[in-house]
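The values are calculated or read from the model by the stated rules, or taken from the named source; none is laboratory data. Bear in mind the structure is a predicted one, so any value in this text is a computation, not a measurement. Note: ideal-geometry Cβ built from the backbone for every residue, glycine included; neighbour counts use all protein chains shown.
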Amino acid sequence: MANHNSLADWLSHHLFACPVKAYFGFDCPGCGFQRSVISLFKGNIAESFRFYPATMPILFLAVFAIIHLSMDVKTGASIIKIAYAGIAIIILINYIYKISTHQLIS
C-alpha cells in the first residue's frame, strides 16, 4: 500500500497544467480529472467523484473499449457510442453546476 501512496503523492506533485486555466484564469470542462484519478488511485472514491464525476465512467469505457477491440463484442460499438454520449452529458452537467455555483475561478 505504501507504494501506491508514494506513487500517488509523486503524481499529485507532477500534474499537467491546464492551458485554459493558465491563459484565461478559469477551469475548462476537463479540470479536475487528474486529481480525480489520483484520488481514485488512493481509494478515495467520494473525493474522486467530487473532483470530476465523469472519471469512473471514462475509465470503465476505456476498459470496455480494450475488451471490445480484443474480443469484438457484437454490440460493442453501439455501447461505446452511447457511453460517450452519457459521459459528455455528465461533463456538461458538471460544468454547468460549476458555473452556477461560481466554482470556475480559484
Original post:
Which one of the conditions (1) assigned to a helix (DSSP H, G or I); (2) more than 13 Å from the chain's Cα centre (by Cα) does Ile38 fail to meet, given that it meets all the rest?
Top reply: (2)
**OP:** Can you work out which of the residues in segment 36-50 that are of a type outside the set (Val, Ile, Thr) and closer than 15 Å to Leu7 by Cβ is surrounded by the most Cβ atoms within 10 Å (Cβ to Cβ)?
**Re:** Ser39
**OP:** For segment 72-99, enumerate the residues that are aromatic (Phe, Trp, Tyr) and more than 18 Å from Arg50 (Cα to Cα).
**Re:** Tyr84
Original post:
If you go through segment 50-89 one residue at a time, how many are part of a helix (DSSP H, G or I), within 16 Å of Pro29 (Cβ to Cβ) and of a type in the set (A, V, I, L, M, F, W, C)?
Top reply: 6
**OP:** State which residue pairs qualify: first residue of a type in the set (Ser, Thr, Tyr) and inside segment 80-106, second residue in a loop (DSSP other than H, G, I, E, B) and loosely packed, with under 14 Cβ neighbours inside 10 Å in any location, beta carbons under 7 Å apart, and separation of 6 or more residues or different chains.
**Re:** none
Original post:
Which of the residues spanning segment 3-23 are aromatic (Phe, Trp, Tyr) and at pLDDT 90 or above?
Top reply: Tyr23
Original post:
If you check Ala88 against the conditions, is it over 27 Å from His13 (Cβ atoms) and in contact with a helix residue (DSSP H, G or I) (Cβ under 6 Å, 6 or more places away or on another chain)?
Top reply: no
**OP:** Identify, from the list Tyr52, Tyr23, Tyr97, Tyr84, the residue that is among the aromatic types (Phe, Trp, Tyr) and touching a Gly at 6+ places or on another chain (Cβ under 9 Å).
**Re:** Tyr52
**OP:** State yes or no: is Ser12 out of contact with any helix residue (DSSP H, G or I) (no Cβ under 6 Å at 6 or more places or on another chain) and exposed (fewer than 15 other Cβ atoms within 10 Å of the Cβ)?
**Re:** no
